[in-house]
Every structure is written in C-alpha cells, then in structure tokens.
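Visitor: Encoded as structure tokens, here's the structure I'll be asking about.
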C-alpha cells in the first residue's frame with residue numbers, strides 16, 4: 001500500500017544542462033532539416049522565411065523539452081499550432097479549389113473528397129467483405145488520398161500507438177487548446193461511465209457503415225466538418241446533419257473542454273480513439289507510474305486531460321489503455337514517478353533515455369507530418385497580411 | 001430451394017442489416033452463449049413473422065411493392081421508427097442503464113424484463129420488414145409465385161438461408177465477462193436508435209422534406 005505524504009523534490013531528475021540538451025537535440029535538428037526540406041531548398045524568399053520559422057519553431061521546442069524536462073508544455077504548443085494552421089491551410093485550399101467550404105454532389109460523385117483518419121474504422125469491414133472503400137475519396141494522388149492516409153496511420157500506430165491522438169491528429173489540438181484556456185475547471189465531476197461512449201460510437205458507426213455502406217460518422221456526427229468542409233445544404237436532411245455537427249463542435253470541442261479542462265471530444269466521443277487505443281497494446285512505448293516513488297498525491301489523476309489515469313490504475317502502476325501519451329502526468333508528477341517507458345524494460349532504470357527515445361519518435365513524427373501544413377498555413381497568413389487574401 | 005439459395009447467397013448483407021440491432025442487444029445483455037441462442041431464436045421468430053406477412057402480401061397483390069416508392073417509404077420508415085423506439089427504450093430504460101444522465105425507470109419491467117420475448121419479437125419483426133437488398137430480390141420473386149403456399153414457402157426457405165449468417169452472433173456471449181461491453185452495447189443501441197429514428201422519420205415524411 002502506498003503512503004500518502006506531501007509532494008517532495010523530484011526524486012528522478014529529467015532536466016538537462018543546456019550543453020547536454022543541445023547535444024541531444026542535434027540529431028533532431030538534422031533529421032527535421034532533412035525531412036522538412038525533402039531534398040530541395042525553397043527558392044522563393046517568402047517560402048524560405050516560412051521554412052526557417054517552422055524549422056526554428058520545432059527545434060527550439062524540442063530543445064526546451066530536453067532542457068526543462070517538461071514534455072506536455074512544449075508538445076501542446078506545437079500540437080495546437082499544427083491544428084490551427086491546418087484549419088487555415090485546409091480551408092484556404094478548399095476556397096482555392098472549390099470557391100467555398102461546402103462540398104457539392106458533383107465533387108462527391110467525382111470522388112474528390114479529402115480522406116481523413118477518422119473514416120478508417122468505418123471502411124475496414126466493407127473493404128474486407130465487398131472490396132469497396134465506402135468513401136468518395138481518391139485511392140491515390142490528389143489532395144489527402146485514401147492510400148496516403150492509411151500509410152500515415154499505420155506508421156503512426158506502430159510507432160506511437162494512441163500517441164497519435166496527442167502528437168499527430170490534426171484535429172486534436174483544437175479541443176486541447178480550449179481545454180487549456182481556464183486555469184481551473186468549472187465542471188469537475190465526470191461520470192467514468194462516459195469513457196465508454198467512444199467505444200459505443202465506434203460500435204454504432206462500424207455496424208451502420210457495414211449495413212448501409214456509407215461513412216455514417218462523416219455524414220452525421222463529425223464535429224470537425226465545421227472547420228474543414230461540409231456538404232452543401234440542399235435538403236432538409238443535410239440541414240439536420242449540419243445542425244448536428246455544428247452543435248457537436250460547439251459542445252464537444254469548445255464548451256465542454258473549456259469547462260472541464262479535459263479533451264472531451266478526443267476522450268469521450270471520437271470513435272477513432274478506441275481503435276487507436278487498441279494499437280497501444282502493440283506499441284513499444286507506454287507511461288508507467290513507479291509505485292516505489294509515487295507519493296499518491298493524485299495530481300496525475302486530476303490533471304490527465306483524457307481521463308486515462310484512475311486511482312486504481314495508479315495503484316497498478318500504469319495508465320489506462322486510452323492513454324494518449326501527451327506527457328501531462330509526467331509533467332505534473334512532483335516525485336517523477338510517472339514516466340515514459342519502453343515495454344519489457346524495468347520501470348526504474350534509464351528513465352531519461354526512455355523518455356528521449358519516445359520523444360525522438362513522437363516529436364519527429366509531429367514535426368515531419370505537420371511541417372508542410374504549418375508552412376502552408378503561415379504562408380497564407382502572410383499572404384492575407386500583404387495582399388488581403390489567403391488564396 | 002431457390003429461396004434457400006437466394007438466402008444463402010445474400011445472407012451476409014442480411015446479417016449486416018440485422019447486426020446494428022442484434023449486436024448491441026446481445027452485448028448489452030451480457031448473457032451466456034446458450035441464452036444468446038435463445039434470444040436469437042426469438043429475434044429470428046419475429047423476423048420470420050415479418051417475412052411471412054410479406055409473403056402473403058406479395059402474393060396477394062401479385063406485384064412488387066418495392067417499386068411503389070411512396071408505400072415502400074411508408075413501410076420502411078415505420079419499421080425504422082419502431083426499431084428506433086425499441087433500441088432507444090432498451091438503451092435508456094433498462095435497470096442499470098447505459099446513459100449516466102438518464103433519469104427514471106418506468107414500464108421497463110413489464111416490456112423488457114418480464115416479457116423479453118415480446119421485445120425481441122418486436123425487434124425481429126421490425127427488422128424483417130426492412131427492405132434490405134436481398135429482401136427486395138425475395139419480394140420480387142415471391143410476387144411471381146403461382147400460389148400463396150408457394151410464396152410462403154419461398155420466404156420460409158429464404159429466411160432459413162439468411163439465418164445461417166446470424167449463427168455466430170450468440171458467441172458474443174463469450175465476452176460477457178467484460179462489464180464494459182454491457183454498457184457499450186446499451187449506449188450503442190441508443191445511438192443506433194437515434195440514427196434509425198431520423199432515417200425513419202424522413203422516410204415517413206414521404207419525400208416532403210427532401
């Protein structure tokens with residue numbers, strides 16, 4: 001049984017000196033340079049400027065992660081920036097290509113709808129039984145093709161498991177941002193049974209998608225259509241669908257995260273999350289709580305934005321399967337008991353090295369995956385300032 | 001024999017149409033495999049009643065109702081509304097219900113607990129009246145039968161052929177040890193019920209709102 005006593009000095013020090021942090025950050029600087037350049041230095045001065053800003057942005061954040069020992073604080077800055085600039089970039093792209101954010105029937109029939117990872121759970125059963133992808137997107141080529149999203153998803157799942165939801169998902173940063181606005185939550189009590197809701201949404205959409213061969217979640221529920229694209233309102237049915245997804249966006253992405261300081265959409269509704277949680281089982285990284293160091297202060301339980309730590313799980317020395325590896329618990333733990341961990345290794349050994357290993361994988365993924373969209377978003381903001389138009 | 005083969009060849013689609021109703025129920029109940037088989041039989045009996053009533057109807061009118069869009073939408077819409085009512089009722093009013101914020105328990109003991117067969121029969125009947133693609137084929141063929149007996153026999157054998165694909169469903173009982181699945185099943189039933197409610201309502205509106 002763990003003793004409860006006041007927080008003390010961190011038993012395990014994760015801060016590094018500036019010199020050591022710089023040395024550890026050096027490989028990341030080279031890797032991000034290589035991945036972001038893609039073998040070509042931008043010739044346009046504005047593009048070069050945007051590239052330099054993005055490159056510095058990521059590498060300064062990574063250096064600070066190593067130097068201060070704080071993970072979530074700097075991850076959140078990169079992750080939220082990614083989501084916001086993704087919206088800027090995507091919406092501008094839609095206006096450029098179609099003249100509006102709405103999808104016409106013509107574009108749906110032509111299969112020109114960008115594919116996102118949230119559709120993946122619905123496509124698996126119909127693809128297995130009918131060899132059909134039930135989404136009007138392009139298999140290869142074009143903008144956000146189905147094949148490219150599948151490849152990115154498989155890569156992310158193998159490398160980070162559900163870490164995708166905190167390091168890779170271009171929507172997740174939105175409710176993450178709103179959950180950080182207030183200093184203290186106004187709504188504290190959340191019935192733990194609500195954590196089953198994403199599984200129920202997953203079950204419902206998988207079954208209905210298989211029955212009707214239609215991506216039910218995209219058609220009816222996806223709140224993120226509010227900030228990306230949506231079907232043009234041409235009928236009563238589409239009007240109702242529009243009211244539903246806008247209401248869900250306001251409730252799940254803005255209001256509830258604001259009031260609870262939790263990532264409500266990601267942890268209590270998104271059907272992709274439970275499927276991704278299953279990949280946590282096969283992923284090499286997880287978060288562990290060392291019972292020998294833990295002071296049972298419960299800060300991690302209170303702070304976890306995804307309700308992935310309970311008192312029982314603390315006693316068991318681990319997080320729940322739904323853990324998104326955001327690093328909040330690692331940051332708030334006063335004794336350093338919560339730490340990133342590599343499966344199959346002793347919890348108490350080489351903690352800094354294991355954290356570094358995870359950060360290399362997760363941060364490199366985030367930087368590589370988001371850099372293009374961040375650069376495009378920045379370019380469009382500069383264009384807006386200089387020309388008055390984003391497109 | 002033709003009905004049975006048609007049922008076998010298109011049964012996977014039938015199973016896909018029945019799964020959104022049956023799977024959440026079986027998961028939510030958390031019963032053993034044997035009890036689930038009993039539940040499946042009750043559900044199938046309801047579905048058979050739906051099929052046979054259609055056999056009589058199809059033979060009686062000697063025409064393919066599916067081509068009559070207005071009446072087809074009315075019937076399917078009504079079936080969806082009934083299904084949605086049953087699913088939402090199941091999700092919200094069962095003792096130890098799924099929705100943490102739902103309040104009140106009323107007539108549930110009468111309809112759900114004391115008469116489970118009535119509940120499953122109703123779900124089976126409403127599912128049986130749905131026009132899934134294989135069912136449309138069966139209706140079209142049954143309408144061409146010479147006698148009422150032939151039409152009924154055709155639907156009976158079609159029903160047997162499609163039912164084969166539902167045999168794995170009771171094995172969900174192997175997962176009954178996971179308490180979380182009981183809650184998830186009931187929550188999913190509510191969500192699917194809400195989805196069916198809107199589909200049914202728009203169909204009943206008969207295209208007025210479309």
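All of the numbers you see were taken from the coordinates with simple rules; none came from a lab. What you see is a predicted model, and the numbers here were worked out from it, not measured in a lab. Neighbour counts are summed over all protein chains in view; Cβ atoms, including those assigned to glycine, are modelled from backbone coordinates with ideal geometry.
Visitor: Label region A:243-376 by shape, choosing from rounded, prolate and oblate, from the square roots a ≥ b ≥ c of the eigenvalues of the Cα gyration tensor; if a/c is under 1.5 it is rounded, and otherwise prolate applies when a/b is larger than b/c, oblate when it is not.
Guide: oblate
Visitor: Need one word for chain A: rounded, prolate or oblate. Basis is the Cα gyration tensor (sqrt eigenvalues a ≥ b ≥ c); a/c below 1.5 gives rounded, then a/b vs b/c decides.
Guide: oblate
Visitor: What number results when the radius of gyration of region A:49-153, computed over Cα atoms, is divided by 2.2 N^0.38 Å?
Guide: Numbers: Rg = 18.0 Å, N = 105, 2.2 N^0.38 = 12.9 Å.
So the Cα radius of gyration is 1.40 times the expected 2.2 N^0.38 Å.
Visitor: Add -39500 (n - 2.57) for each DSSP H run of 4 or more in chain A, then divide by its residues: what number comes out at 222 nm, to the nearest 500 deg cm²/dmol? If you can, show how the numbers build up before the last one.
Guide: Values: 17 runs with 214 residues, N = 391.
Per the formula, -17000 deg cm²/dmol.
Visitor: Give the calculated FRET efficiency between residue B:160 and residue A:315 to the nearest 0.05, with a Förster radius of 45 Å applied to their Cβ-Cβ distance.
Guide: For residue B:160 and residue A:315, the calculated efficiency is 0.25.
Visitor: Now a separate question. What order do you get for A:304, A:111 when you list them from fewest to most C-beta neighbours inside 10 Å?
Guide: So the residues, fewest neighbours to most, are A:111, A:304.
Visitor: Sticking with this structure for a sec: Can you order the peptides A:211-219, A:33-41, A:305-313 by their average number of other Cβ atoms within 10 Å per residue, highest first? It would help to have the intermediate numbers written out before the result.
Guide: Details: A:211-219: 21.4, A:33-41: 10.8, A:305-313: 19.4.
Packing order, densest peptide first, comes out as A:211-219, A:305-313, A:33-41.
Visitor: Could you give the distance between the Cα centres of region A:166-210 and region B:150-198, to the whole Å?
Guide: If we compute the Cα centre of each part, the gap is 28 Å.
Visitor: Another question about this same structure. Across peptide A:205-217, how many C-beta atoms of other chains are within 10 Å of each residue C-beta, on average?
Guide: Per residue, the average neighbour count from other chains is 5.
Visitor: Given the Cα atoms of region A:285-349, and with Rh set as the inverse mean 1/r over their pairs in the Kirkwood sense, what is Rg to Rh to two decimals?
Guide: 0.90
Visitor: Hey, another quick one. At residue A:187 and residue B:180, where each label point lies 7 Å from the Cα along Cα→Cβ, what is the point-to-point distance in nanometres?
Guide: 2.2
Visitor: Among B:139, A:50, A:233, rank each residue by its count of other Cβ atoms within 10 Å, from fewest to most, as a rough exposure measure.
Guide: By the 10 Å Cβ count, ascending, the order reads A:233, A:50, B:139.
Visitor: Counting only other chains, and only Cβ atoms inside 10 Å, what mean value do you get across the residues of B:182-195? Don't skip to the answer; put the middle values down first.
Guide: Working: counts 1, 7, 11, 4, 2, 10, 12, 3, 2, 11, 8, 1, 3, 9.
For this peptide, the per-residue mean of nearby foreign Cβ atoms is 6.
Visitor: Moving to a separate point now. Can you put A:376, A:72 in order of Cβ neighbours within 10 angstrom, beginning with the fewest?
Guide: Arranged by neighbour count, lowest to highest, A:376, A:72 become A:376, A:72.
Visitor: On alpha carbon coordinates alone, what is the Rg over Rh value for region A:313-364, Rh being the Kirkwood radius?
Guide: Answer for region A:313-364: 0.93.
Visitor: Another question about this same structure. Compare the peptides B:184-193, A:333-342, A:122-131, B:21-30 by average per-residue count of other Cβ atoms within 10 angstrom and give them in order, highest first.
Guide: Those peptides, ordered most packed to least, come out B:184-193, B:21-30, A:333-342, A:122-131.
Visitor: Okay, next question. Give me the percent of DSSP beta bridges within chain A that run antiparallel, rounded to the nearest 5.
Guide: Roughly 75 percent of the DSSP beta bridges within chain A come out antiparallel.
Visitor: Further question on the same structure: Take the alpha-carbon centre of region A:342-391, take the same for region A:86-140, and report the distance between them in whole Å.
Guide: Computed from Cα coordinates, the inter-centre distance equals 25 Å.
Visitor: Apply the a/c threshold of 1.5 to the C-alpha gyration tensor of region A:83-225 and tell me whether it is rounded, prolate or oblate. Could the numbers behind the result be given before it?
Guide: Values: a/c = 1.71, a/b = 1.27, b/c = 1.35.
The shape class here is oblate.
Visitor: Where the centre of each part is set by its Cα atoms, how far does region A:289-326 sit from region A:60-76, in angstrom?
Guide: One Cα centre to the other: 21 Å.
Visitor: Give me the distance in nm between label points sitting 7 Å out from Cα along the Cα-to-Cβ direction at residue B:9 and residue A:129, one decimal.
Guide: Once both label points are built, they end up 1.8 nm from each other.
Visitor: Another question, then. Arranged from highest to lowest average of other beta-carbon atoms within 10 Å per residue, in what order do the peptides A:272-279, B:8-15, A:14-21 appear?
Guide: Packing order, densest peptide first, comes out as A:272-279, B:8-15, A:14-21.
Visitor: At R0 = 45 Å, how high is the FRET efficiency between residue A:298 and residue A:40 if r is their beta carbon distance? Nearest 0.05 is fine.
Guide: 0.30
Visitor: If we restrict to alpha carbons, what Rg and Dmax does region A:151-309 come to, in Å?
Guide: Rg then Dmax for region A:151-309, in Å: 17.1, 62.
Visitor: Using only alpha carbon pairs under 8 Å that are at least six residues apart, calculate the relative contact order of chain A and give it in whole percent.
Guide: 26
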